[in-house]
2 protein chains.
Amino acid sequence: MFVILVYDVGQKRVAKALKTCRKYLYWVQNSVFEGDITEANLMKLKIELLNVIDTDKDSVVIYKFRSTKYSAIETFGIKKGGEENIL
Amino acid sequence: MFVILVYDVGQKRVAKALKTCRKYLYWVQNSVFEGDITEANLMKLKIELLNVIDTDKDSVVIYKFRSTKYSAIETFGIKKGGEENIL
């Protein structure tokens, strides 16, 4: 399954949330992650994220796709994420 | 074409960016938008957004899908966006 995950997490928790998401997904940009993931690993990711974020203040959106990836991705503005950024 | 758009825009510009995106797309949550859009309207949206954001500080990611929508969407944490929030 291919997923796109977007979070909005407070400054204090963002480093941990980033680290958690990068264990399972590719970091596209800033608060956006994507990748192929199994249902089991997605469940793990969600549990780990719920331990990191404050559900009264933060939010997470996960788009799940059966198989096909997107046909194109466009980005503009600054590039904050990506593989070249090693924490 | 179905698109998912995510932005990371500074506080000063976020209200204008939100208004711009909501002209063309459905507001899912916080910085996430989605919807069916023509290539022409997507071009308009990008031009309008580029007039609003600071490309040295802000970022935008647009996922383009040929036809199919996602199979599922999961959200957790606070719900900031959505149709019920009228600016």
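The values are calculated or read from the model by the stated rules, or taken from the named source; none is laboratory data. Please read all numbers here as calculations on a predicted model, not as lab measurements. No Cβ is skipped: glycine too gets one built from the backbone with ideal geometry, and neighbour counts run over all protein chains shown.
Some notes on this structure:
- The single condition among (1) surrounded by 14 or more Cβ atoms within 10 Å (Cβ to Cβ); (2) in contact with a strand residue (DSSP E or B) (Cβ under 7 Å, 6 or more places away or on another chain); (3) not hydrophobic (A, V, I, L, M, F, W, C) that A:SER71 does not satisfy is (1).
- Out of A:ALA15, A:ALA40, sole residue that is within 19 Å of B:SER31 (Cα to Cα) and more than 11 Å from chain B (Cβ to nearest Cβ): A:ALA15
- A:ALA72 of a type in the set (A, V, I, L, M) and modelled with pLDDT of 95 or more: no
- Within the stretch B:53-69, not a single residue is of a type outside the set (Phe, Trp, Tyr), outside any loop (DSSP other than H, G, I, E, B), over 26 Å from A:PHE2 (Cβ atoms) and more than 7 Å from chain A (Cβ to nearest Cβ).
- Options A:LEU50, A:LEU18, A:LEU5: the member that is within 17 Å of B:ILE73 (Cα to Cα), in contact with a strand residue (DSSP E or B) (Cβ under 8 Å, 6 or more places away or on another chain) and assigned to a helix (DSSP H, G or I): A:LEU50
- Contact map, the stretch A:29-51: residues that are modelled with pLDDT under 95 paired with residues that are of a type in the set (D, E, K, R), Cβ distance under 7 Å, separation 6+ or inter-chain. Pairs shown: A:GLN29/A:LYS79; A:GLN29/A:LYS80; A:ASN30/A:LYS80; A:ASN30/B:ASP8; A:SER31/A:ASP8; A:SER31/B:ASP8.
- Tally of residues being away from every other protein chain (no Cβ under 11 Å) and closer than 11 Å to A:ILE4 by Cβ across the stretch A:19-36: 3
- Test result for B:LEU25, touching a residue at least 60 places away in the same chain (Cβ under 8 Å) and of a type outside the set (Val, Ile, Thr): no
- Residues within the stretch B:4-46 that are touching a helix residue (DSSP H, G or I) at 6+ places or on another chain (Cβ under 7 Å), over 26 Å from A:VAL14 (Cα atoms) and of a type in the set (A, V, I, L, M), tallied: 2
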